[in-house]
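One structure is given here, and the rest of the page talks about it.
We did not get these values from a lab; they are worked out from the coordinates using the rules stated. Predicted model only: the values in this text are computed from it and were never measured. Note that each Cβ is placed from the backbone with ideal geometry, even for glycine, and that neighbours are counted across all protein chains shown.
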Amino acid sequence: MGQLFEYKDIDRRFYEEKIADHLPSSFIDIHTHVWLTKHNEGREDGGRTVTWPSLVAAENPIEDLDETYRILFPGKRVIPLIFSSFLSRSEKFSVGNGYIDTVAKTANYPALLYGRPDWSSEVFEAELLKGTFCGTKVYLSLSDPSISRNNISIFDFLPHHQLAILNRYKKMVMLHVPRDKRIRDPLNVAQILTIAEKYPDVKVVIAHAGRAYCTEDIGNAFTELAKAPELLFDISANTNCDVFIKLLEAVGPKRVLFGSDLPITRLRMKRICENGKYINLVGKGTYGDVSADPNMREVSANEAEKHTFFLYEEIAAVLNAASKCGLDKSDIESIFSSCSRTLLARCGYKQ
Ligand SMILES: [Zn+2]
């Protein structure tokens, strides 16, 4: 069997020069998707999400995730928080969540239940307590299909009755914010602050730094959200050093968590911002036909030779931001490890 994905000299050099010495020998990855294609039967997202992530990996069995860490982080021990990947209500939630629970128990990895907003309180509570889940992962495309993409609000896929249960059991939620304005959307900011106020025992992690992939996406969101002291942010699938600086300045290193969003960050690319929009530059033909995707752009093979992994770019960006903010080794340790360990322990995970 061949290697899961190609690892080049440029990757090794990038890792050794910019990453290896800065990371703790053992760290937590707070955002990973683990699933088998057979769980996604019936998938249909109604055009409410971007399409490029499906080009990287059709599935991510736990063996592939473990192998990815062995390839990307030689000599390090990585403990992932794992959860499934669903885009529509017609997929096999019980099978996918059951798979997560089984592999989490086997490896003693922390895990999240992939929740459905149409679950009643009783069903949600039963599903949450069925496995060893630290909380739930929710996603915008599981909202009522009659709501158009830009009208989806957080409570459409993270309903109050489920927040009340998360609050009762002191569990966490991994939240990918909806809407084209991303985290700067005033409705998102207001609803996140409402959650923090009404459900103080729910630990909310805002995924991808609120999807602020370009500085134009921030608005005053980070300073507004800094006022809710328990609110956490993961940096997964984001490579923007300036965004990370703004985030660290607003909330400090104890509320920023390393996460990968694997497997999509196995993508080999360089991300740029143009007029406030992010574009992933990829080698011509490497990821099939990307012409219909405004977030993807092909570059020549020569240019693409210089590209390394999305995940390495993310880590280099946060380390660069940490250094520009004057953070020290213990701050970096807290971003990659201790903040997440504390969070998971509070949600019931025993290492
Ligand atoms: Zn994700």
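With all pairs of different alpha carbon atoms counted, what Kirkwood hydrodynamic radius in Å does the stretch 106-258 show?
Details: mean 1/r = 0.0635 Å⁻¹.
Its Kirkwood hydrodynamic radius stands at 15.7 Å.
Quickly rank 210-218, 59-67 as a protection proxy: mean count of other C-beta atoms within 10 Å, highest first. Can you show the working numbers first?
On the way: 210-218: 22.0, 59-67: 17.2.
Listed from highest to lowest mean packing, they are 210-218, 59-67.
How about Lys324: which lysines have a C-alpha closer than 18 Å to its C-alpha, ignoring those fewer than 8 places off in the same chain?
In chain and number order, the partners are Lys18, Lys246, Lys254.
Among Thr68, Thr106, rank each residue by its count of other Cβ atoms within 10 Å, from fewest to most, as a rough exposure measure. Intermediate values should be presented prior to the final figure.
Details: Thr68 25, Thr106 9.
Taking fewest neighbouring Cβ atoms as first place, the list is Thr106, Thr68.
Could you order the peptides 111-118, 132-139, 200-207, 19-26 from most to least packed, using the average number of other C-beta atoms within 10 Å per residue? Each step should come with its number before you reach the end.
On the way: 111-118: 23.6, 132-139: 25.5, 200-207: 21.0, 19-26: 14.4.
Those peptides, ordered most packed to least, come out 132-139, 111-118, 200-207, 19-26.
How big is the chain on each of its three principal axes, counting only the C-alpha atoms and giving the largest first in Å?
Principal-axis extents of the chain (Cα, largest first): 55, 45, 42 Å.
Which lysines have a Cα lying under 22 Å from the Cα of Lys130, excluding residues fewer than 8 positions away in the same chain?
Hits, sequence-local ones excluded: Lys38, Lys92, Lys105, Lys170, Lys171, Lys203, Lys350.
Sort 163-172, 258-267, 86-95 for me by packing, meaning the mean count of neighbouring Cβ atoms within 10 Å per residue, highest on top.
Put in order of decreasing packing, that is 258-267, 163-172, 86-95.
What does DSSP give for the chain in terms of the percent of beta bridges that are antiparallel, rounded to the nearest 5? Present the calculation step by step, with values, prior to reporting the outcome.
Values: 7 of 33 bridges.
Rounded to the nearest five, the antiparallel share is 20 percent.
Using alpha-carbon pairs under 8 Å, 6+ residues apart, how would you state the relative contact order of the chain in percent? Working shown, then result.
Working: 652 pairs, mean separation 65.9, N = 351.
The normalised contact order for the chain reaches 19 percent.
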